[in-house]
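Read the figures in this text as sums done on the coordinates, not as results from a lab. On a predicted model such as this, the values are computed, not experimentally measured, just so you know. Here the Cβ is made from the backbone with ideal geometry for all residues, glycine too, and neighbour counts use every protein chain on show.
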Ligand code: HEM
Ligand code: HEM
C-alpha cells in the first residue's frame, strides 16, 4: 500500500512538477519578521481569502438572482426567505464586501507605511492600485443589484457623479446606464460587470500580483536607516 | 542612485537565508487570521443578515440615498464643493489621488523604508487616514443626508402594485407616466379613501363612462393602492397655512423670495422631503438633527396647525 502511494506520488511529480511548485510557493524562505509586525504581513492573504468567500457566495447567489428590474428585488427576497441558507449566504456576501474593502485598504496602508513598494516591488504596487480600483468597482456595481430604494438612488447619484467628469462624463454615464435613463439595461450591465467582467479582470490581476510577490520575495521589515549596515556609505 | 539596488539585493538574499520557511510559519498565521475573520463574518451574516429596503421606486424623488459606508467620506467631501465645483471633488480629486498612488514608486525612489525615516510620506498618510475617518464620521452623523423615512408596509405594497399593474401607462405621478387618466398626485388628495376604494372596485360606477378599466382587484390590493396613493398625494391645506408660515417661520426661512436668511430657503422643500419628515422637523428639529439651530414648535403650535403647515410645505416644488 505504502509503495503504491509512493508510486502515485512519483507519477504525479513526473507529470506536474508539483514538488517544484511546492518548493517555490511554500518551502521558500522569507526574511524573519518579529512580534506584531509579522501579523501585518497576513493582510494580503486575508484579502485573498475574503475574495474567495465573495466568489463562492456570489456564485451561489447568482443561481437564484434574476437581473431584471421586474424580478431582481423579488429574487433577492426569495433568496432571503426561501432558499436554503439563503439569508446566511446573502449576509456573508453583504458583509464580505465591506470586509474586502477594509482589508484591501489596510493591506495597502501596511505596504505604504513600510515602504514595501520600493525597488524591486514597484510593479507589485502598481498592479495593487489597479486591484483597489477593481474592488471599488465590485462594490459599486454590486450595490445596485438588490434593486431596492437605496440601491437605485445611490447608483443614480453615483452615475450622475461619473457624468460630471470633464469632457468624457456624459459618455461614461451613458455607457454605465446603458442609455439616458436608469432602467433594465443599467441593471443587466452592472450585473454583467459584477459577475463576468470584473471577476475575470481581478483574477488576472491577482495572478500577476501574487506572481510578483513570490518572484521578488516578501519584503523584510524596514529598519531605521542609521542602524542599517554599518560601513555602508548610504546607510 | 542605482547603487543601493545591488546593495539591497545582496542584503535581501542574506536575510532570506537567515529567515524561516514560508510554510508552516507564515502560512499558519495567514490561516489563523482567515479563520478568525470568517468567524466574525459568519457571526455578522447570521445575526444581522443583509436587509432589503423597499423596492426601487424611480418616481420617489424624495428618497435620500445613503451610499455604502465606504463611499460616505466622498459624499461628505462633495458638500464642501458647491455647484459647478462639484465635479472637481467628485472626479478630479479622486482621479488625482489614484494617479498619485499609482505613480508613487516612481517618485519615491530612495532606499529609506522605515516610516520614521520618511516623515513627509508618513505624515501625509496619517493625515489622509485622519481626514477620511473624520469625513466618514461626519457623514454618518449628519442626519440631513439621510432622514430615516419610515414607510408603512401597505404603502410599499401599493407602490409595488402600481408598478406591476402598469398604472403609469395612463397616469402621471410626479410628472412621470401617461396622459390618458388624471395626474394622480394632483387629484387624489381631494378624494376620501372610501371613494377611492369604490372607484377601484368599479371605476364606471363612480365616474360614469370612465375610461379606466375594471381591474378585478382583491380587497388587500385595493387597500394597499389606496394607502399608496394617499401617501403620494398633495393633501389639501387650509388658507391658514401660509399665514402660519408668515407668522412663525418667515423670520428665518424664505419662500419664493420672501423671508429671512437664517434657515434654508423652503421654496422647493416638497421635492426633497416628505410630509412626515417635515412634521417631525417642525415638532422637534433636534430629534432629526442634533445640531439643529431651529426652535421646536411642539407646544407652540397645535398638532393640527403643524399638520397643516407640513401639507403646505410638502406641496412646494413638486
Ligand atoms: C484584491 C486585492 C489584493 C490581494 C488579494 C493582494 C494580495 C497580496 C498578498 C497575498 C501579498 C503577500 C504579502 C502580504 O500579505 O502582505 C501581497 C503583497 C503586496 N501587495 Fe497586495 N493584494 C491586493 C491589493 C493590493 C493593493 C491595493 C496594493 C497597493 C496599492 C498592493 C500592494 C502590494 C505590494 C507592494 C506587495 C508586496 C509587499 C511586500 O513584499 O512586502 N496589493 N498582496
Ligand atoms: C470583490 C468581490 C466582491 C464584492 C466587493 C461584491 C460586492 C457586492 C455587493 C455590495 C452586493 C450587494 C449585496 C447587498 O448588499 O445586498 C453584491 C451582490 C451580488 N454579488 Fe457581489 N461582490 C463581489 C464578488 C462577487 C462575485 C465574484 C460574484 C459572482 C460570480 C458576485 C455575485 C453577486 C450577485 C449575484 C449579487 C446579487 C445578489 C444580492 O444582491 O445579494 N459577487 N456584491
Looking at the protein assembly as shown, what % of its DSSP beta bridges pair antiparallel, to the nearest 5? 90
Computed on alpha carbon atoms, what radius of gyration and Dmax characterise the stretch A:99-159, expressed in Å? 15.2, 47
GNM flexibility winner over chain A from A:83, A:197, A:168 (Cα, springs under 10 Å): A:168
When chain B is treated as a GNM, springs tying every alpha-carbon pair under 10 Å, which of B:132, B:97, B:206 comes out with the largest mean-square fluctuation? B:97
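Quick one: in the stretch B:199-299, what % of C-alpha pairs are over 21 Å apart?
When every Cα pair of the stretch B:199-299 is considered, 52 percent fall beyond 21 Å.
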Would you calculate the separation in nanometres between label points at residue A:6 and residue B:251, each defined as 7 Å from the Cα along the Cα-to-beta-carbon direction? 9.7
Projected onto their principal axes, the Cα atoms of chain A stretch, largest extent first, over whole-Å spans of 67, 61, 31
Any chance you could list P(r) for chain B, counting all Cα-Cα pairs in 10 angstrom bins from zero, rounded to whole %? 5, 16, 20, 21, 15, 10, 7, 5, 2, 0
Give the calculated FRET efficiency between residue A:63 and residue A:204 to the nearest 0.05, with a Förster radius of 30 Å applied to their Cβ-Cβ distance. 0.75
Fewest Cβ neighbours within 10 Å first, please rank B:133, B:122 accordingly. B:133, B:122
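Can you work out the FRET efficiency for the pair residue A:181 and residue B:202, with r the C-beta to C-beta distance and R0 = 22 Å, to the nearest 0.05?
Working: r = 35 Å, r/R0 = 1.60.
In this case the efficiency is close to 0.05.
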Using R₀ = 25 Å, calculate the FRET efficiency as 1/(1 + (r/R₀)^6) where r is the Cβ-Cβ separation of residue B:20 and residue A:21; round to 0.05. 0.80
Rounded to whole angstroms and listed largest first, the alpha-carbon spread of the protein assembly as shown along its three principal axes comes to 95, 64, 44
Note on the stretch B:153-232: contact order normalised by length, alpha-carbon pairs under 8 Å, 6 or more apart, percent, works out to 38
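Would you calculate a helix-derived [θ] at 222 nm for chain B, using -39,500 (n - 2.57) for each DSSP H run of n ≥ 4 and dividing by the full residue count, to the nearest 500? Write down the numbers at each step before the final one.
Numbers: 15 runs with 164 residues, N = 318.
That comes out to -15500 deg cm²/dmol.
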Convex hull over the alpha-carbon atoms of the stretch B:153-232: what's its volume per residue in Å³? 83
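Could you calculate, for the stretch B:240-314, the ratio of the Cα radius of gyration to the Kirkwood radius, expressed as Rg to Rh?
0.92
Counting pairwise Cα distances across the stretch B:65-142, what percent come out greater than 15 angstrom?
Working: 1979 of 3003 pairs.
Looking at the stretch B:65-142, the distances longer than 15 Å represent 66 percent of pairs.
With viscosity set to 1.306 mPa s and temperature to 10 °C, compute the Stokes-Einstein D of the stretch B:1-112, Rh being the Kirkwood radius across alpha carbon pairs; µm²/s, no decimals.
On the way: Rh = 20.5 Å.
The diffusion coefficient I find is 78 µm²/s.
Take A:165, A:186, A:24 and order them by how many other Cβ atoms sit within 10 Å, fewest up front. Write down the numbers at each step before the final one.
Numbers: A:165 17, A:186 20, A:24 12.
Ascending Cβ contact count within 10 Å gives the list A:24, A:165, A:186.
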Once every Cα of the stretch B:206-264 carries one equal point scatterer and solvent is ignored, give the base-10 log of I(q)/I(0) from the Debye formula at q = 0.20, 0.28, 0.30 Å⁻¹, two decimals. -0.85, -1.10, -1.11
Angle between the Cα long axis of helix B:119-141 and the longest principal axis of chain B, 0 to 90 degrees, nearest 10? 20
In degrees, nearest 10, range 0 to 90: what is the angle between the Cα axis of helix A:149-162 and the longest Cα principal axis of chain A? 70
The residues A:82, B:29, sorted from fewest to most surrounding Cβ atoms within 10 Å, come out as A:82, B:29
Starting from the Cα of residue A:71, step 7 Å toward the Cβ, then list every residue of the stretch B:162-176 with an amide N under 19 Å from that point. B:163-166
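Relative contact order, percent, of the stretch A:63-175 when contacts are C-alpha pairs under 8 Å separated by at least 6 residues? Each step should come with its number before you reach the end.
Working: 57 pairs, mean separation 22.2, N = 113.
Dividing the mean separation by the residue count of the stretch A:63-175 yields 20 percent.
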Only helical DSSP H runs with n ≥ 4 go in: add -39500 (n - 2.57) per run for chain A, normalise by residue count and round the 222 nm mean residue ellipticity to 500 deg cm²/dmol. -22500 deg cm²/dmol
Per Stokes-Einstein, at 10 °C and 1.306 mPa s, what whole-number D in µm² s⁻¹ belongs to the stretch A:8-75, with the Kirkwood radius over Cα pairs as the hydrodynamic radius? 96
At q = 0.12, 0.15, 0.23 Å⁻¹, base-10 log of I(q)/I(0) for the stretch A:127-189 (Debye sum, equal scatterers on each alpha carbon): -0.30, -0.47, -0.99
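Normalised by the number of residues in chain B, what is the relative contact order in percent for Cα pairs under 8 Å and 6+ residues apart?
On the way: 289 pairs, mean separation 46.5, N = 318.
Dividing the mean separation by the residue count of chain B yields 15 percent.
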